[in-house]
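Take a look at the structure set out below.
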Amino acid sequence: MAELSVLGKRLPKVNSWAHLTGSAKYADDLFLPRMLYGRLLRSTQAHARITKLDVSRALAHPGVVAIVTGPDMPETIGIMPSVQDETALAIDRVRYVGEPVAAIAAIDEDTAFEAMSLIDVEYDPLPPILTIEDALREDLPKIHEKSRRANIFKEVHLSFGDLDAGFASADHMRDDWFFFEGNTHAPIESHSAVASFEGDGKLTIWTCTQVPHYLHRELEKALGLPRAKIRVVATPSGGGFGGKSDPFAHEFAACLLSMRTKRPVKITLDREEVFYAHRGRHPVKMRIKTGVKQDGEITAVHFQSWLDGGAYSSYGIATTYYTGALMTVTYRIPAYKFDGVRVYTNKPPCGPKRGHGTTQPRYALECQLDKIAVDLGFDALEYRKRILQPANSRTVNELRITSMGLGQCLDELGAKTKYSERHGQLPRGKGVGIAGSAYISGAGLPIYWNEMPHSGATVKLDRGGGVTVYCGTAEIGQGSDNMLASVAAECLGVRPEDVHVVSGDTSLAPVDLGSYSSRVTFMAGNAVKDAAWKLREWLLDAASERLAIPRECLVPADRRITDLRDPEQFVTFDDAVVLAEAKHGTLSAAGSYRPPQGIGGGYKGAGVGPSPAYSFQASVAEVSVDLETGVVTVDRITTAHDCGRALSPANVEGQIEGSAYMGYGEIMGEEQVFRGGLHKKPSLLDYKIPTSLDTPELEAIIVETIDKEGPFGAKEAGEGPLNSVIPAIANAVYDAIGVRFDETPITADKVLAALGKRDNRGMPKDRIGPEGMGDGQEAANAALRRLSFTTEAREKKKANA
């Protein structure tokens with residue numbers, strides 16, 4: 001491909017000015033005439049039947065205009081069509097503290113808040129299920145009666161290759177337990193929505209959602225209003241990270257209240273409500289058994305995971321599969337078995353958080369690989385390079401790998417950080433650790449399986465030389481609008497600031513499935529390229545005729561179409577547009593993208609894991625451990641990321657650094673934990689996200705592999721770089737003090753316990769993990785015995801049958 005004129009350059013983001021000047025309109029910034037303000041009454045019980053719900057006193061309160069409850073929207077909703085188990089507001093039963101029970105619209109927010117206390121609710125408490133182990137017990141009440149056994153939501157059992165033979169041929173084995181604590185997104189902007197039902201019977205909702213298309217579908221179902229009469233506008237988002245990719249109660253409630261009152265209604269969640277809305281990282285207990293040859297070559301892996309899913313399904317089916325699906329894409333694994341189970345508990349529902357479903361197992365695998373390297377006396381960096389899955393290959397679970405830059409990432413890190421020279425050589429209390437990872441560039445299949453495109457775009461040119469891109473993507477701060485503008489600008493030979501982007505509006509833009517699974521660059525980028533390239537061809541034809549120059553000699557750049565052989569021969573972009581419109585009529589073109597067929601397997605469960613391309617990344621963390629206080633200080637994180645081609649290098653670096661920051665927070669302090677169903681830390685004061693003063697020095701290294709199917713060679717950059725950071729820090733702590741931490745987060749108390757400074761629980765001093773959680777290992781083993789989905793039990797059942 002000829003030299004690019006826009007892509008790969010360090011240019012300002014096209015949508016940055018509105019944010020810098022404070023003129024960007026977030027959902028909570030919107031004020032409409034006669035607007036009402038809504039609040040949600042939430043459950044105080046973790047698990048209970050609703051025996052009385054009387055809103056009469058609240059409805060009579062001065063200033064209250066309308067109240068809706070669960071029976072007003074009885075349809076089940078959810079992001080995944082096959083397992084919708086939730087209603088917009090609870091009906092008959094509540095399943096977690098904070099579940100919405102009723103919604104109020106009043107003349108102001110204070111009035112709505114006062115009226116909440118006037119709603120009479122009585123509960124008949126039921127025993128709450130609050131742990132994975134309790135959820136597996138069959139003698140406790142079911143949270144959902146549809147559960148076939150105990151409180152199990154989903155079981156997954158996949159096996160590839162000859163596992164027994166693989167383990168039998170191994171010279172060395174490791175069998176380790178890990179626990180990854182749940183955590184939440186903590187976006188700066190809380191959830192907010194404004195709904196307006198107009199006299200023509202049409203409804204518009206402005207909301208900070210990541211999935212306007214899927215919300216559009218669910219609103220039709222819950223409200224009984226045809227989608228043709230519903231418009232969803234995704235407003236600028238002050239952070240999402242997966243936490244705004246479900247349909248939420250406040251969105252449905254605002255819409256129904258507006259329909260009832262014929263007035264606009266705004267509902268904005270406070271910070272405590274955001275913690276209970278959640279949909280964040282699942283707590284996961286994991287067991288991984290790996291066999292290797294004496295040279296470190298992997299012979300077999302058996303991975304088991306138990307996910308605490310909270311009270312409802314959310315993305316739970318996909319999450320369960322994702323804990324096992326991508327384990328195979330980084331290193332050669334000839335035999336692989338995955339057993340996974342997700343359970344219901346009486347806590348806020350878990351869902352997707354940056355790195356959806358893959359962060360927890362990657363932590364386990366990369367920590368275990370580090371242990372294997374130590375066991376066999378290998379350099380951990382060189383060991384990973386030795387066992388890499390090759391480019392242009394198929395994994396044992398039939399995933400197609402195209403470009404693969406993990407080896408280059410490791411090489412770049414080795415040169416930059418001197419990892420191999422420093423590892424194991426630093427003074428006690430100082431350590432350096434490494435880990436690798438991979439992530440998808442969008443899912444190979446849509447949530448609603450169909451044959452339609454995953455992303456569509458329309459590009460329009462006007463006679464004044466203006467360019468407008470219409471696409472259904474949601475700009476959530478990741479820079480998708482800038483990417484769309486840049487791709488269009490590259491195709492047409494204009495500047496990104498010349499392009500106006502209309503995104504996230506279901507009435508104006510073609511469908512895009514949403515900003516999740518790191519799909520937007522690859523899929524929407526290809527859709528815009530498809531549309532813009534058609535217009536490019538018309539412009540080149542028009543310029544060729546005017547200049548009497550063969551079109552293959554022409555190139556669009558810098559708002560000109562120029563003869564490559566003689567730069568003085570050109571047609572301006574504006575003139576070319578006029579010439580092309582005179583010949584072809586209105587200049588508008590549509591484009592779309594759908595992943596290719598055959599990128600995954602044909603077995604049941606193969607729908608989760610395939611992607612048109614995978615990004616690869618590796619991180620090196622440098623830490624200091626205070627041997628007296630147990631405080632771990634992460635001094636530096638260096639991450640190398642294979643993003644295909646960096647369409648906007650500054651934006652890619654920002655995503656790498658943001659991922660590193662988030663991963664650092666997850667392992668050093670963040671935890672979404674509960675006591676009796678109540679959140680222990682439902683505020684940004686108590687929930688320990690790092691501040692700018694806490695954040696270590698971050699360095700981003702871009703590795704380009706130029707993927708043949710990505711838009712101009714690009715792959716994802718928004719989520720993958722997080723996954724390698726967490727195990728790299730854990731491995732660095734081991735290098736510093738000789739202790740393995742097989743659970744997150746790594747707190748000062750745990751470090752002191754490991755060092756023997758505060759060990760009153762009899763924990764071994766060479767390892768802190770699930771064994772160190774009191775009777776955690778015993779409980780986990782008991783859970784294993786209770787689960788009939790274990791390999792041996794299932795095989796016996798088949799034999800008996």
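The values are calculated or read from the model by the stated rules, or taken from the named source; none is laboratory data. All values derive from a computational prediction rather than experimental measurement. Reconstructed Cβ throughout: ideal geometry from the backbone, glycine too, with neighbour counts over all protein chains shown. Ligands, DNA and RNA are excluded from the accessible area calculation, which covers all protein heavy atoms including side chains. Shrake-Rupley method; radii C 1.70, N 1.55, O 1.52, S 1.80 Å.
Observations
- Residue in segment 412-435 that is most open to solvent (accessible area, probe 1.4 Å), counting only those that are of a type outside the set (A, V, I, L, M) and without any contact (Cβ under 8 Å) to a residue 12 or more places away in the chain: Q425
- Here D375, D339 are screened, and the one residue that is at pLDDT 95 or above and open to solvent by 10 Å² or more (accessible area, probe 1.4 Å) is D375.
- Tally, over segment 137-168, of residues that are more than 26 Å from G607 (Cβ to Cβ) and in contact with a helix residue (DSSP H, G or I) (Cβ under 7 Å, 6 or more places away or on another chain): 1
- So V608, is it within 30 Å of I737 (Cβ to Cβ) and in contact (Cβ under 8 Å) with a residue 40 or more places away in the chain: no
- For segment 529-570, a residue qualifies if it is among the β-branched types (V, I, T) and either outside the structural domain of H584 (by TED's automatic domain parsing) or over 30 Å from S480 (Cα atoms) (or both), and exactly one does: I549.
- Only residues that are in a helix (DSSP H, G or I) and under 23 Å from F180 (Cβ atoms) were counted in segment 630-668, giving 14.
- Tally of residues being in a helix (DSSP H, G or I) and either without any contact (Cβ under 8 Å) to a residue 24 or more places away in the chain or buried (at least 17 other Cβ atoms within 10 Å of the Cβ) (or both) across segment 386-408: 3
- Unmet criterion (only one of (1) in the same structural domain as P334 (by TED's automatic domain parsing); (2) over 29 Å from P187 (Cβ atoms); (3) not in a loop (DSSP other than H, G, I, E, B)) for K460: (1)
Residue-wise test of (1) free of Cβ contacts under 8 Å to residues at least 40 places away in the same chain; (2) under 30 Å from V211 (Cα atoms); (3) assigned to a helix (DSSP H, G or I).
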position	(1), (2), (3)
N346	no, yes, no
P349	no, yes, no
K353	no, yes, no
H356	no, yes, no
C367	no, no, yes
E382	yes, no, yes
L410	no, no, yes
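- Among the residues of segment 593-636, the ones that are among the β-branched types (V, I, T), in contact with a Leu (Cβ under 8 Å, 6 or more places away or on another chain) and exposed (fewer than 15 other Cβ atoms within 10 Å of the Cβ) come to 1 in all.
- Members of segment 710-751 that are within 17 Å of P283 (Cβ to Cβ), touching a Phe, Trp or Tyr at 6+ places or on another chain (Cβ under 7 Å) and open to solvent by 10 Å² or more (accessible area, probe 1.4 Å): E743, K750
- Scanning segment 203-226 for residues that are part of a helix (DSSP H, G or I) and either closer than 22 Å to S23 by Cα or in contact (Cβ under 8 Å) with a residue 40 or more places away in the chain (or both) turns up P212, H213, Y214, H216, R217, E218, K221, A222, L223.
- Residue satisfying condition, being assigned to a loop (DSSP other than H, G, I, E, B) and open to solvent by 10 Å² or more (accessible area, probe 1.4 Å), within set I702, I706: I706
- Output for segment 227-246, where each listed residue is small (G, A, S) and in a loop (DSSP other than H, G, I, E, B): S237, G238, G239, G240, G242, G243, S245
- Residue that is nearest to the chain's Cα centre (by Cα) [pool: residues in segment 552-581 that are touching a residue at least 40 places away in the same chain (Cβ under 8 Å) and open to solvent by 50 Å² or more (accessible area, probe 1.4 Å)]: D558
- Some residue of segment 239-246 being in contact (Cβ under 8 Å) with a residue 12 or more places away in the chain and more than 20 Å from the chain's Cα centre (by Cα): no
Results for (1) open to solvent by less than 30 Å² (accessible area, probe 1.4 Å); (2) free of Cβ contacts under 8 Å to residues at least 12 places away in the same chain; (3) out of contact with any strand residue (DSSP E or B) (no Cβ under 7 Å at 6 or more places or on another chain), shown as yes or no for each residue.
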position: S437; (1), (2), (3): yes, no, no
position: P446; (1), (2), (3): yes, no, yes
position: P453; (1), (2), (3): no, no, no
position: G464; (1), (2), (3): no, no, yes
position: N482; (1), (2), (3): yes, no, yes
position: G493; (1), (2), (3): yes, no, no
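- Out of T402, T358, sole residue that is polar (S, T, N, Q), touching a helix residue (DSSP H, G or I) at 6+ places or on another chain (Cβ under 7 Å) and either closer than 26 Å to E421 by Cβ or assigned by TED's automatic domain parsing to the domain that holds A438 (or both): T358
- If you filter segment 1-24 down to residues that are surrounded by 12 or more Cβ atoms within 10 Å (Cβ to Cβ) and charged (D, E, K, R), you find that the one that is modelled with the lowest pLDDT is K13.
Residue-by-condition table, conditions (1) in contact with a helix residue (DSSP H, G or I) (Cβ under 6 Å, 6 or more places away or on another chain); (2) within 27 Å of W533 (Cβ to Cβ); (3) not in a loop (DSSP other than H, G, I, E, B):
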{"residue": "P427", "(1), (2), (3)": "no, no, no"}
{"residue": "Y439", "(1), (2), (3)": "yes, no, yes"}
{"residue": "L445", "(1), (2), (3)": "no, yes, no"}
{"residue": "P453", "(1), (2), (3)": "no, yes, no"}
{"residue": "G464", "(1), (2), (3)": "no, yes, no"}
{"residue": "V469", "(1), (2), (3)": "yes, yes, yes"}
{"residue": "G477", "(1), (2), (3)": "no, no, no"}
{"residue": "A488", "(1), (2), (3)": "yes, yes, yes"}
{"residue": "C491", "(1), (2), (3)": "yes, yes, yes"}
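- Of the criteria (1) in contact (Cβ under 8 Å) with a residue 60 or more places away in the chain; (2) farther than 30 Å from V121 by Cα, which one W17 fails: (1)
- Number of positions in segment 171-199 that are more than 21 Å from the chain's Cα centre (by Cα) and open to solvent by 20 Å² or more (accessible area, probe 1.4 Å): 8
- Scoring F303 on the criteria (1) under 17 Å from M173 (Cα atoms); (2) among the aromatic types (F, W, Y); (3) open to solvent by 10 Å² or more (accessible area, probe 1.4 Å) leaves a single failure, condition (3).
- Filter result (surrounded by 24 or more Cβ atoms within 10 Å (Cβ to Cβ) and not in a strand (DSSP E or B)) within segment 280-300: G280, H282, P283
- For P71, the requirement of being without any contact (Cβ under 8 Å) to a residue 60 or more places away in the chain and outside any loop (DSSP other than H, G, I, E, B) is met.
- Enumeration of residues in segment 1-49 that are within 26 Å of the chain's Cα centre (by Cα), assigned to a loop (DSSP other than H, G, I, E, B) and under 24 Å from E109 (Cβ atoms): A24, K25, Y26
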